[in-house]
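Down below is the structure, laid out as structure tokens.
Coordinate-derived values only; no laboratory data. Computed from a predicted model, the values in this text were never measured in an experiment. Because the Cβ atoms are built from the backbone with ideal geometry, glycine has one as well, and the counts that use them run over all protein chains shown.
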Amino acid sequence: MSSKTIIAPSLLAADFSDLRNEVEMINKSNADWLHLDVMDGVFVPNISFGIPVISSLKKHSSKLFDVHLMIVQPENYINAFHKVGADILTVHIEASPHLHRTIAAIKETGMQAGVALNPHTSVSLLKDIIADIDLVCLMSVNPGFGGQSFIENTYSKVEELKELILSKNANTLIEIDGGVTNKNAPQLIRSGADVLVAGSYVFKADNPLLNIDLLKK
């Protein structure tokens, strides 16, 4: 379990016309990971970027690649994302009917395996698999678009998930994705969050490096 909070800026909020410079800015920051949202327009009502973009950005990034698949049939793309440099691969429980098999397939490549939950999905569904996962990504907004407001119920969900992790003696990290700012970060960390994903709060800021430091503190 990480003692320090991991900060993972979400590239979905970056300037897509200037992605190389945005990635190089993150390299200079105190962020730990780069969070990459892959959307297919089917599982979520938006299309973002995919394998070629991640492949080209990997050449310019010094950060760990935290790839979040918001797509149907994610199991079909595990090897492709491994090849282009994903370090952590997260699939949605709602899109993965054979979750145990998918997690095993991700880990076979050497990547860490994450499972994401939409705001309405109960953390109790993870009880049989929590010890097999490296990370749980709790969506604190409805997935598909950046810049949405944080859902307040997330705090109690984090607490419930933390209890489940401890009860199973697991080392699973809790990641929060959506509407994270320096205002809700302290309560999220107190509730048990290990990883904070921040998009607009970082990339739309006047001083992104300062905002990353504020989350770090």
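Observations on the structure shown:
- As a calculated quantity, the FRET efficiency between Asp15 and Glu94 at R0 = 25 Å, using C-beta atoms, amounts to about 0.25.
- Relative contact order (%) - criterion: Cα under 8 Å, at least six apart; region: the chain: 23
- Calculated FRET efficiency for the pair Asn142/Thr181, C-beta based, R₀ 25 Å, to 0.05: 0.90
- Between Ile51 and Glu163, the simple label model (points 7 Å from Cα in the Cβ direction) yields a spacing of 4.3 nm.
- Straightening the chain between Lys59 and Ser156 buys 31.0 nm, computed as 0.36 nm per residue apart minus the Cα-Cα spacing.
- Taken along its principal axes, the alpha carbon cloud of the chain reaches lengths of 42, 37, 30 Å, longest axis first.
- Surface/4 estimate of mean projected area, convex hull on alpha-carbon atoms of segment 74-116, nm²: 2.5
- Listed by number, the DSSP H helices of the chain that run 27 Å or longer by alpha-carbon position along their axis and have mean Kyte hydropathy of at least 0.0 come to an empty list.
- As a ratio to 2.2 N^0.38 Å, the alpha-carbon radius of gyration for segment 73-178 is 1.04.
- 16 Å reach of a label modelled at Ala205, 7 Å along Cα-to-Cβ, counting backbone N of segment 127-156: 147
- DSSP-assigned coil residues among trypsin sites (Lys or Arg not before Pro) in segment 1-70, each with at most 12 further Cβ atoms within 10 Å: Lys4, Lys59
- Legend: distances between Cα atoms for Lys63/Lys162; Lys4/Lys217; Lys28/Lys58; pairs beyond 19 Å are Lys63/Lys162.
- Helical runs assigned H by DSSP (4 residues or longer) give the chain a calculated mean residue ellipticity at 222 nm of -8500 deg cm²/dmol, each run adding -39500 (n - 2.57) before division by the residue total.
- Remark: spin-label model distance Ala104-Ser149 equals 4.4 nm, labels positioned 7 Å along the Cα→Cβ axis.
- For segment 46-172: relative contact order, % (alpha-carbon pairs under 8 angstrom, 6 or more apart): 20
- Considering segment 1-51, its Cα convex hull presents a mean projected area of 4.9 nm².
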